[in-house]
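Structure record follows, encoded as C-alpha cells.
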Amino acid sequence: MKKVLLFLFVSATVALAQPAGNADSGKRLFVRDGCWQCHGYAGQGSRDGARIGATALTEQAFVRYVRRPTGAMPAFTDKVVTDQEMADIYAYLKSMPAPKPAKDIPLLNQMKNGK
C-alpha cells in the first residue's frame with residue numbers, strides 16, 4: 001500500500017512540474033526554431049522530417065525525443081528550447097487536426113481503383 005501511495009504522489013508531482021503549453025506561442029516557436037523546415041508548416045512531414053502534426057506521442061515522449069533524437073534530427077537542448085517553449089510547441093502540434101483516413105480522400109481512392 002505504501003508503494004502505491006508513493007507512486008501516486010510521485011506521479012502527481014511530476015504532472016504538476018510540467019508546464020502547460022500555449023498553442024499560439026507554440027506556432028510562433030515552431031517557425032522561429034525552424035521545425036517547419038523538415039516537418040512542414042502544418043507538421044505534415046517531408047522527406048527530411050516525420051509527420052508530427054496531431055502527434056500521438058505523449059508530451060513526455062515528445063520532449064525526450066526532441067532533446068535526444070535518433071537519426072539526422074539535431075538535438076534541441078533546454079539551452080536552445082526551454083521546457084516552457086517545448087510545452088508550447090507540443091500544444092501547437094496537438095491542436096492540429098488529425099489527418100483524414102486514406103479511404104476518405106477521393107483522389108487516393110481514384111488512384112487505387114485505377115480511374
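Every number here is computed from the coordinates shown, using simple stated rules; none is lab data. What you see is a predicted model; the values in this text were computed from it and never measured. Every residue, glycine as well, gets a Cβ built from its backbone with ideal geometry; the counts of neighbours run over all protein chains shown.
For the range 61-115, which positions are of a type in the set (Asp, Glu) and surrounded by fewer than 15 Cβ atoms within 10 Å (Cβ to Cβ)?
Asp78, Asp83, Asp104
Does the range 22-35 hold any residues that are over 15 Å from Ala72 (Cα atoms) and within 12 Å of the chain's Cα centre (by Cα), and which are they?
Selection gives Ala23, Gly26, Lys27, Phe30.
Can you tell me which residue among Ser25, Ser46 is touching an Asp or Glu at 6+ places or on another chain (Cβ under 6 Å) and under 23 Å from Ala98 (Cβ atoms)?
Just one listed residue meets the conditions, Ser25.
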